[in-house]
Amino acid sequence: MHMDRAQYQLFEVGCGTLALFCGAHIPGAHWLDTARLESAPLYNKVSDAALLALLLELGIGAHSTLVLYGRNSLAAARAAHLMLYAGVRDVRLLDGGFPAWQAAGLPCVSGAPPAPLRCASFGAPFPACPHFLLDMAATRAARYQGGTVLVSIRTRAEFSGATSGYCYIDARGDIPGARWGHAGCEGDVDSMSDFQNADGCMRPGAQITRMWASNGIEPGRHVVFYCGTGWRASLAFFYAWLMGWDNIAVYDGGWYEWSLDPANPVLCRLDTPETA
C-alpha cells in the first residue's frame, strides 16, 4: 500500500547501532535506540514518565502513524509493543526490516538522523493500553487465573532447561505451567525462524495460529507472552495483534527477572517433565 510520507513517521530502531544507521538507512528515517525504551540491569521498560517524555521528544502522539524497522526485527518489535502500550493507534513494522529493503535494491541514504519535531501533548490518556504489559506481580497472579496462559517465546532448549539462552543469565528452566510458544534457531536469541521465512518476513498467520494451537495457545484465552528479556515476546505479541488477538500482553521482565527472585517457582523440564 502506498503511503504519502507526510502521513507517517518512519523510525529505524536499533541497539547501539547509530553508526550503521549513519552509514546507510531508508530515506526519511529517524533513529530510535532501544536504550531509551528499556533500562539496565533487567532491560525492563523505562518508567511511564520517561516513555512519555521520549515520545513527545520524538514527535509521537496517540494519532501518529508509525512505521518501524530494524536491522534486527526484534528491536523494532520491542518498540512497536511499547508504542501500542502507550496508546499510539497505528503502529506498523516493515516486514523483513532493513535487510529486506536492501535485498529489494531500494534506495538508501547516509548521514545523521534528522531532528524530530517535538509534540506538545500525547493527545490521549497515557498509557492508553496498560493491559498490554504485565509486571512480575501481575504475572504471578496470572498463573492462577484459569483463563490465562503464559507463553514462553524461547527455544526448546531454553524452555526445557538445557540452557538459559543468555551469557548473563545463569538460571536454567522456565515458569511452571507455561506453554511453549516457539522461537527460532537453538543458541540464537535473535532468531525467530519459527515465525519467519528465510528472508525474515512473517510466515502466514494461519501457520502461526496452528503452531500455537498445537500447544493449547488459542485466541480465546488471556495470552501472556514472555522470553528472556522481552524482545522475542514483543514480536510474538505484535504478530498476534496483527492476527486480531485482542486479549494479549507481554510479561516485561521475562525469564531474567523471574529467575532472579528465589520466591518464584522454577521448573526444569529435563528433571521434571511436564506436558506443555
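Bear in mind these aren't lab numbers, they're just calculated from the coordinates by the rules spelled out. Here the structure is a predicted model, which is why all the values come from computation and not from measurement. Virtual Cβ from ideal backbone geometry, glycine too; neighbours counted across all protein chains shown.
Can you give the FRET efficiency to the nearest 0.05 for Ala24 and Arg89, using r as the Cβ-Cβ distance and R₀ = 35 Å? Efficiency, from the Cβ-Cβ distance: 0.70. Full extension of the chain between Glu57 and Leu106 yields a length gain of 14.7 nm, computed as 0.36 nm times the residue separation minus the alpha carbon distance.
Using a Gaussian network model of the chain in which every pair of alpha carbons under 10 angstrom is joined by a spring, one finds that among His81, His25, His131 the greatest mean-square fluctuation is at His131. Give me the net charge for the shell around Asp252: Cβ to Cβ below 9 angstrom, other residues only, Lys and Arg +1, Asp and Glu -1. Taking every other residue near Asp252 into account, the sum is -2.
Between 0 and 90 degrees, the angle of helix 73-86 with respect to the longest Cα principal axis of the chain falls at about 90 degrees. Taking Cβ atoms as reference points and 13 Å as the exclusive limit, the residues near Leu18 contribute a net charge of 0, counting Lys and Arg as +1 and Asp and Glu as -1. For the chain, the longest principal axis of the Cα atoms and the long axis of helix 48-58 meet at an angle of about 30 degrees. A Gaussian network model of the chain, with springs between Cα atoms under 10 Å, assigns the largest mean-square fluctuation among Leu117, Leu18, Leu54 to Leu117. Mean-square fluctuation check for the chain, GNM, Cα pairs under 10 Å: which of Ala35, Ala77, Ala103 is largest? Highest fluctuation among the options: Ala103. The candidate values are (i) 15.6; (ii) 17.8; (iii) 14.5; the one derived from this structure for mean projected area of the Cα convex hull in nm² carries the label (iii).
Relative contact order for segment 130-260: 30 percent, from Cα pairs under 8 Å spaced at least 6 residues apart, divided by residue count. Using a Förster distance of 22 Å, how high is the FRET efficiency between Tyr166 and Arg143, based on the Cβ-Cβ distance and rounded to 0.05? Once the sixth-power term is evaluated, E becomes 0.45.
For the pair Met211 and Trp241, a Förster radius of 22 Å applied to the C-beta separation gives a FRET efficiency near 0.85, rounded to the nearest 0.05.
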